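S.K.: Before I ask anything, let me first share the structure, which is written out below as structure tokens.
The values are calculated or read from the model by the stated rules, or taken from the named source; none is laboratory data. Because the structure is predicted, anything quoted here is derived from the model rather than measured. Heads up, the Cβs are rebuilt from the backbone with ideal geometry, glycines too, and the neighbour counts pull from every protein chain shown. We work out accessible area using only protein heavy atoms, side chains counted, and drop any ligands, DNA or RNA first. Shrake-Rupley method; radii C 1.70, N 1.55, O 1.52, S 1.80 Å.
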Amino acid sequence: MPLRTLIGPTALALVATALVAPSSAAAGPAVDDAPARGTKSQWTEADKAGFGTARTRRSNVWFTLQDGRVSEVFHPDLSTPSTRSLELVVTDGRTFTDLETEDVDVVTTRPDERSLRFRQVGTATSGRYRITKTFVTDPRRDALVVRVRLESLDGGHYRLYAVHDPALANSGMDDSGRSGRDGLVATDRSEPVASALVSRPRFGRTSTGVLGRDDGWTDLEGDHRLDDGGRRAGPGNVVQTGRVSGITGLPGEQRATLVLGYGTDGRDALRTATASVRSGARATAARYDRGWHRYVRSLKRVPDSAAGVRAQYLASALVLAAAEDKLNPGALVASPSAPWVWGDEVKDLSSPSGAYHLVWSRDSYQFGTALWAMGDKAAARRSVDWLFDVQQQPDGSFPQNSDVEGTPVWSELQLDEVALPIVLAHLVGRDGPRTYRGVKRAANFLVRFRDEETGRRAPYSPQERWENQSGYSPNSIATQVAGLVCAADIARRNGDRASARRWLRLADRWHAKVKDWTVTTTGPLSEAPYFLRITKDGRPDRGTEYAIGDGGPSEVDQRRVVDPSFLDLVRLGLLPPEDRDVVSTLAVVDADLRVETPNGPYWHRFSFDGYGETLDGGQWEITEDDTGTTLGRAWPLLTGERGEYAVTAGQDATVHLAAMAAAAGSSDMISEQVWDGRAPTGEACCPAGEGTRAATPLTWSHAGLVRLAWTMERGTPVDQPDVVARRYLR
């Protein structure tokens, strides 16, 4: 038999021959010292079907599920994946060997809408057997607990194996492992972290090897038997395999428990896993559920506006809570996934994994406002505290992004990320002297800022919301004006009236000029004036050209590029919803960016966006200008923002909330993007209006659903600062 990958083909492979596989003996170039270290390790696909963790801070483990298996497991924090995958293999020992991701049709659900406990039910494509698994983490310790039931559907006797691919300390290429009946133990060469996989019933035959050379999966696929494999391997891309003793799929021989424990060394990890097994899987799951039930009871009731999408609303609330790191309270990550090239472990780009496992202050604002609206005020305030703790010294800016400990990762500057922490602090009442010191530094940064490359002053931003253009952005200007007005209000509360007056004068000047900088009257998309995504020079009636990026046009007239993000001018209280330029821009945006699907309406980010899959379903990666290789798909979070606008305009936003909920998968996880009508939409892999291979769950998508529900309930945007609205609207 030809060697198959540990992750197997996704459904997308049925229509896309150009996919870049996330990991396999055939995926990516081999490392320099292969085969000694094994095939290059890469992360799994980003379209997660599940994301969970115990509510307690004693359990620093988060799991994800993807394509029928456990995918990345994070430990000890949410910036650090330490397992790549844990997958089951079924064989009769003679004629076939099945891998879950290739040979089993799996459906993932949340049996309890008030918990992040997940269940996967998979039936072999051959019809021979069915596998049912439930997933929780142990609230008392650092362990993932998987209850397994293998049922023979045709009377056959089957063997059950577990295949674990550790990737400790955010790297899959420097692990060492040993195997035995007590468990499969792996350690990292450079960091004090280890994993241990144990089973009840205990493992029988086991194997530890490096991927593509002497790993257990290669052995099983070859002759359907796990021969006496290696007991030790590494350092390298270690893969560990164990047969679960006594499981045949027949009555009385169907149930097993797998526990993946973590620790500072092999013994510690093994003790953790063994203790969790002894605690009992059912009791552990009950404790796990009780923790989440208590959390849900601590929140506001589900608003009447969300009655029709209750399950997706609760899932969104739980995902928001789960996205907060436990060792670094207040740090919430963008997503527990690594989409496309971000998961490919490319040197100087995505190695070690980062990107979506990081914290952005802009994203933290979105999460914090949703947490505040749903009633978790303590988490919203922790987010503010964390942001100002990691604020850059001495200038007062904020990192483009950072890990959960606050160490900056990317190095660009975005002025909305300087302003939004101020707005969030104002919303949640963090206005005392300690926070004000940070607020003052941030506000003064906006006042003093001058771009080194162009010499332009704020509100010109070196990057705007979507992180790939500089210029005058209506969205960025809206956040800066709101930030300065909120900072002035906090300054007055702290007796600093001089600063308040200075910041308000500047805010008023920027507010008065925002249309001069960003509304064109000569653009080709409408005879009426409309807001542009960005202007490079603050002259919107000029046909200044720029390169879109992500394979888009290298020279496009700035008047041809629109973006629905201008609506923050309304949501934050700078312009009324009936403003004629706002209304005329909505028509332009809808004509250019709106997508109608069976699940409802969604919007693209901006004209010519290329941040998404190829036309044949292949992954996004960096491409040259003018190639059009990749296409940005539609974003559910933009549907939420359009719904928030509808509320301010006195319209019914039910269709927007329903569309956001409909974008969720069977287990209520919402993606960054959905299939938008362009190829391969409509194929079996890619139903219109459902999640692509983009980051799933995207915490921002879930925050948007929660915030829209409460905006509908209140009748006004939940994050609109009263001090801004009073100044500019009333």
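S.K.: By the scheme Lys and Arg +1, Asp and Glu -1, what is the net charge of all other residues having a beta-carbon under 10 Å from that of Thr597?
M.R.: Net charge around Thr597: -3.
S.K.: Take the Cα pairs of segment 499-625, get the Kirkwood Rh, then feed it into Stokes-Einstein at 20 °C and 1.002 mPa s and tell me D in µm²/s.
M.R.: Result for D is 132 µm²/s.
S.K.: Just the number please: accessible area per residue for the chain, 1.4 Å probe, all protein chains included, in Å².
M.R.: Solvent-accessible surface per residue comes out at 34 Å².
S.K.: Could you tell me which of Thr369, Phe51, Leu657 has its Cα farthest along the dipole of the chain towards the positive end, charges placed at Cβ (Lys, Arg +1; Asp, Glu -1), taken about the Cα centre?
M.R.: Of the candidates, Thr369 comes out farthest on the positive side.
S.K.: Right, something else. Return the calculated 222 nm mean residue ellipticity for the chain, to the nearest 500 deg cm²/dmol, obtained by summing -39500 (n - 2.57) across DSSP H runs with n ≥ 4 and dividing by the residue count.
M.R.: -9500 deg cm²/dmol
S.K.: Convex hull over the alpha-carbon atoms of segment 64-216: what's its volume per residue in Å³?
M.R.: 129 Å³
S.K.: So for segment 608-730, taking the charge dipole from beta-carbon charges (+1 Lys/Arg, -1 Asp/Glu), which of Leu638, Leu729, Cys685 sits furthest toward the positive end?
M.R.: The one lying farthest along the dipole's positive direction is Leu729.
S.K.: Step through the residues of segment 426-431 one at a time and calculate ³J(HN,Hα) from phi using the Karplus curve (6.51 cos²θ - 1.76 cosθ + 1.60, θ = phi - 60°), rounding each to whole Hz and writing x for Gly and Pro.
M.R.: For segment 426-431, the Karplus-derived couplings read 5, 4, 8, x, 8, 10 Hz, x marking Gly and Pro.
S.K.: Percent of Cα-Cα pairs more than 16 Å apart in segment 113-166, please.
M.R.: 56 percent
S.K.: Something else: Through the Karplus equation 6.51 cos²θ - 1.76 cosθ + 1.60, θ set to phi - 60°, convert the phi angles of segment 234-247 into ³J(HN,Hα) values in whole Hz; use x for Gly and Pro.
M.R.: x, x, x, 7, 6, 10, 10, 9, x, 8, 7, 5, x, 9
S.K.: What value in Å³ per residue do you get for the convex hull of the alpha-carbon atoms in segment 654-730?
M.R.: Hull volume normalised by residue count: 120 Å³.
S.K.: Restricting to Cα pairs below 8 Å that are 6+ residues apart, what does the relative contact order work out to for segment 345-503? Please round to a whole percent.
M.R.: Once divided by the residue count of segment 345-503, the mean separation gives 20 percent.
S.K.: So, with a 1.4 angstrom probe, what is the percent of accessible area on segment 574-620 that is carbon and sulfur?
M.R.: The value for segment 574-620 is 57 percent carbon and sulfur by accessible area.
S.K.: Once you charge only the Cβ atoms, +1 for Lys and Arg and -1 for Asp and Glu, what is the size of the charge dipole of the chain about its Cα centre, to the nearest 20 debye?
M.R.: 3560 debye
S.K.: Where a ≥ b ≥ c are the square roots of the eigenvalues of the C-alpha gyration tensor, would you call segment 130-222 rounded, which needs a/c under 1.5, or, failing that, prolate if a/b is larger than b/c, or oblate?
M.R.: Oblate.
S.K.: With the cut-off at 1.5 for a/c, could you classify segment 327-473 from its C-alpha gyration tensor as rounded, prolate or oblate?
M.R.: Oblate.
S.K.: Can you give the direction-averaged projected area of the convex hull of the alpha-carbon atoms in segment 220-351, in nm²?
M.R.: 14.5 nm²
S.K.: Could I ask something else about it? What percent do you get for the relative contact order of segment 587-697 when only Cα pairs under 8 Å and 6+ apart count?
M.R.: Computed value for segment 587-697: 26 percent relative contact order.
S.K.: Rounded, prolate or oblate, given the Cα gyration tensor of segment 169-290, with a/c below 1.5 counting as rounded?
M.R.: The shape class here is oblate.
S.K.: Just add up the charged neighbours of Ala709: K/R +1, D/E -1, any other residue whose Cβ is under 11 Å from the Cβ of Ala709.
M.R.: +1
S.K.: Any idea what log10 I(q)/I(0) is at q = 0.14, 0.15 Å⁻¹ for segment 428-575, Debye with uniform C-alpha scatterers and no solvent?
M.R.: Treating every Cα as an identical point scatterer, log10 I(q)/I(0) equals -0.69, -0.78.
S.K.: Here's a follow-up. Compute for segment 441-496: radius of gyration divided by Kirkwood radius, i.e. Rg/Rh, restricted to C-alpha atoms, rounded to two decimals.
M.R.: Using Cα coordinates only, the ratio equals 1.04.
S.K.: In nm², what is the average projected area of the convex hull enclosing the Cα atoms of the chain?
M.R.: So the Cα hull casts an average projection of 29.0 nm².
S.K.: Lys and Arg at +1, Asp and Glu at -1: add these up for the other residues within a Cβ distance under 13 Å of Val302 and post the number.
M.R.: +2
S.K.: Among His157, Ser176, Asn237, which residue has its Cα positioned farthest towards the positive end of the charge dipole of segment 147-266, with +1 placed on the Cβ of Lys and Arg, -1 on the Cβ of Asp and Glu, and the dipole taken about the Cα centre?
M.R.: Farthest along the dipole direction, towards plus: His157.
S.K.: Sort 68-75, 125-132, 674-681 for me by packing, meaning the mean count of neighbouring Cβ atoms within 10 Å per residue, highest on top.
M.R.: Put in order of decreasing packing, that is 68-75, 674-681, 125-132.
S.K.: Could you rank the peptides 474-486, 646-658 by their average count of other C-beta atoms within 10 Å per residue, with the highest value first?
M.R.: 474-486, 646-658
S.K.: Could you work out how far the C-alpha centroid of segment 58-119 sits from that of segment 611-640, in angstrom?
M.R.: When both Cα centres are located, 27 Å separates them.
S.K.: Percent of accessible area on segment 195-317 owned by carbon and sulfur, 1.4 Å probe?
M.R.: 46 percent
S.K.: Counting alpha carbon pairs within less than 8 Å and at least 6 residues apart, what relative contact order, in whole percent, applies to the chain?
M.R.: Reported as a whole number, the value is 12 percent.
S.K.: According to the Cα gyration tensor, what semi-axes, each the square root of 5 times an eigenvalue, does the equivalent ellipsoid of segment 591-710 have, listed from largest to smallest in whole Å?
M.R.: Gyration-tensor ellipsoid for segment 591-710: 24, 15, 12 Å.
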